[in-house]
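See below for the structure under consideration.
Where a number appears in this text, it was derived from the coordinates with a stated rule and is not lab data. Nothing here was measured: the structure is a model prediction, and the numbers come from that model. Every residue, glycine as well, gets a Cβ built from its backbone with ideal geometry; the counts of neighbours run over all protein chains shown.
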Amino acid sequence: MKRFLIFLFLLMLAGAAPTTSPAATAIVGRWMPADKQGTLEIYEQKGRFYGKVVGPTTPPRYDTQNPNPKLRRRQLLGAVILQNFRYDGQGAWRGGTIYDPNSGNTYSCTLKLRNANTLVVRGYVGISLLGRTVVWTRVR
């Protein structure tokens, strides 16, 4: 009986593990922002999506506008600028933020795929109407 209860418990744990659908992971990969100032890699971690600068930033760029003085000397290479996005099941990733290293500001953000190689990034303050949209292109 004890083995059966342990098996049942493990089965329940396996069923409770977060799963990520193929549609949700469609944004995973490398992207070139419209300003072409670096390449970003979007990755999934525990059902949420993040994006970091993976290169090239020649000459090396530093996070000089960061509101935290301790971070102003860090290189942007490796910096996570997209955080905490969740796939909404309807073709968009929401609930996350985007950090703009040019201004040092962090904005609410929505990500949507226009097609497999085009990502529409909408950063905003408060409501989505008060923001800016840029288009990123997938890097192969």
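Numbers below:
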{"quantity": "Stretch gain in nm, segment Thr118-Ala34, where the contour uses 0.36 nm per residue and the Cα spacing is subtracted", "calculated": "29.2 nm"}
{"quantity": "Span per principal axis, largest first, for the Cα atoms of segment 30-81 (Å)", "calculated": "31, 23, 15"}
{"quantity": "Principal-axis tilt of helix 2-16 within the chain, Cα atoms, nearest 10 degrees", "calculated": "30"}
{"quantity": "Around Gln65: net Lys/Arg minus Asp/Glu count, Cβ-Cβ under 15 Å", "calculated": "+2"}
{"quantity": "Length released on extending from Val125 to Asp88, taking residue separation times 0.36 nm less the Cα-Cα span", "calculated": "11.3 nm"}
{"quantity": "Theoretical FRET efficiency, 1/(1+(r/R0)^6), r = Cβ-Cβ of Arg138 and Gln65, R0 41 Å, to 0.05", "calculated": "0.90"}
{"quantity": "Computed FRET value (nearest 0.05) for Asn102 with Ala23, which takes r as the C-beta separation and R₀ as 35 Å", "calculated": "0.65"}
{"quantity": "For the chain, the fraction of alpha-carbon pairs in successive 10 Å shells from zero, as %", "calculated": "11, 37, 29, 12, 7, 4, 0"}
{"quantity": "Cα-based Lys proximity count in segment 2-138, under 28 Å, for pairs eight or more positions apart or on separate chains", "calculated": "6"}
{"quantity": "Fewest-first ranking of Ser108, Ser128, using other Cβ atoms within 10 Å as the exposure measure", "calculated": "Ser128, Ser108"}
{"quantity": "Ellipticity estimate at 222 nm from DSSP helix runs (n ≥ 4, -39,500 (n - 2.57)) divided over the chain, nearest 500", "calculated": "-3500 deg cm²/dmol"}
{"quantity": "Rel. contact order, % - alpha carbon contacts under 8 angstrom, at least six apart, the chain", "calculated": "18"}
